[in-house]
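Where a number appears in this text, it was derived from the coordinates with a stated rule and is not lab data. Because the structure is predicted, anything quoted here is derived from the model rather than measured. Quick reminder, even Gly has a Cβ in these numbers, built from the backbone with ideal geometry, and neighbours come from all protein chains shown.
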Amino acid sequence: MSKNKETAAVVETEVAKSYKGRSQFREVMHRLRKNKGAMVGLFVFAVIIIIALLGDVLFDYETDVIGNNIVDRLQSPNANHWFGTDEMGRDLFARVLYGARYSLAIGFVSTLVSLGIGLVLGSIAGYKGGWVENVIMRITDIFYSLPSILLAIAVVSALGNSMLNLMIAVGVSNAAAFCRVTRASVLTERGKDYVEAARAIGQGEMRIVLKHVIPNSLSPIIVQTTVRVAGAIISAAGLSFLGLGVPLPAPEWGSLLSMGRGYLRDYPYMVIAPGLAIMITVLAVNLFGDGLRDAIDPKLKK
């Protein structure tokens with residue numbers, strides 16, 4: 001029995017040594033690398049980004065993406081056109097590939113817009129408390145009660161169709177979620193000893209929030225940001241499908257779905273190709289986001 005205890009003590013000592021001196025970032029990366037699903041998601045997402053960036057090398061934008069070649073119209077997938085061609089003879093593989101640029105750009109930028117709004121309002125609400133918190137959170141509740149797609153439609157309808165307005169619309173519609181997460185995280189941090197110590201040595205409120213509270217509240221915000229990128233891509237595709245997204249002939253994935261639905265019965269590949277692109281991208285981002293959540297806080301792992 002004593003030998004077993006000694007063996008367990010040796011194992012614990014070795015484990016402690018292996019983690020000694022390891023920063024929190026390195027521990028998160030270590031746990032993330034052990035999550036196969038997260039690594040698969042990250043790899044797939046990285047491949048999609050690289051392929052999108054190589055579009056200018058692989059295809060001629062003027063000819064293959066927005067051109068007009070009636071001779072090759074509505075060809076099924078073949079050796080020359082991997083995803084087939086559309087009603088104007090344009091290569092669908094090239095259009096889906098270029099469409100990744102629009103969808104990913106909208107996903108990233110609109111998420112940054114949501115993050116900026118939510119981080120500012122959530123930090124103020126969580127740190128100040130009182131009537132300030134009540135006002136901000138009641139306004140947030142109003143926005144949170146509205147379906148995000150309807151709110152985005154209203155914003156796009158008011159501002160007009162453009163890629164910039166689409167980013168703003170999707171960003172504003174998702175800001176309430178970031179505000180709630182930021183507020184909850186700041187509420188947890190503001191009562192800790194290091195905040196009281198910072199006040200005791202005379203640091204100003206703004207310095208305490210920016211230098212201490214927000215950096216220590218970033219873990220759940222980072223996870224929320226990762227997951228919301230996938231939601232932003234879906235929202236952007238939905239708005240483009242309704243004709244409220246990126247103006248044609250830009251090959252955004254939602255626009256490709258909208259254009260292909262009229263040919264769904266006879267040429268289903270026109271819808272399958274962009275649909276699979278959206279599905280694979282969103283799945284990859286969600287896999288990575290779930291793995292990142294488990295790596296940052298293993299206690300949340302189911």
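Numbers for the structure displayed
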{"item": "Cα-centred dipole magnitude for the chain, charges only on beta-carbon of K, R (+1) and D, E (-1), debye, nearest 20", "result": "1420 debye"}
{"item": "Stokes-Einstein D (µm²/s) once Rh is taken as the Kirkwood radius of the chain over alpha-carbon pairs, at 10 °C in 1.306 mPa s", "result": "72 µm²/s"}
{"item": "Whole-number percent relative contact order across the chain, with pairs defined as alpha carbons under 8 Å at least 6 apart", "result": "24 percent"}
{"item": "Using θ = phi - 60° and Karplus 6.51 cos²θ - 1.76 cosθ + 1.60, couplings along the stretch 188-199 (whole Hz; Gly, Pro as x)", "result": "5, 7, 5, x, 7, 5, 5, 6, 4, 5, 5, 5"}
{"item": "Label-point separation, VAL71 to ALA105 (7 Å along Cα→Cβ), nm", "result": "3.2 nm"}
{"item": "Mean separation of Cα contacts under 8 Å (6+ apart) over length of the stretch 157-263, as relative contact order %", "result": "33 percent"}
{"item": "Whole-Hz couplings from phi, Karplus 6.51/-1.76/1.60, listed for the stretch 241-250; x for Gly and Pro", "result": "4, 7, x, 10, x, 5, x, 5, x, 4"}
{"item": "Hz values of 3J(HN,Hα) by residue in the stretch 256-267 - Karplus curve (6.51, -1.76, 1.60), Gly and Pro given as x", "result": "5, 5, 5, 6, x, 5, x, 10, 4, 5, 9, 9"}
{"item": "Segment ALA158-GLN203, extension gain: residue separation times 0.36 nm, minus the distance between their alpha carbons", "result": "11.8 nm"}
{"item": "Hydrodynamic radius by Kirkwood, which averages 1/r over all alpha carbon pairs of the stretch 100-140, in angstrom", "result": "11.4 Å"}
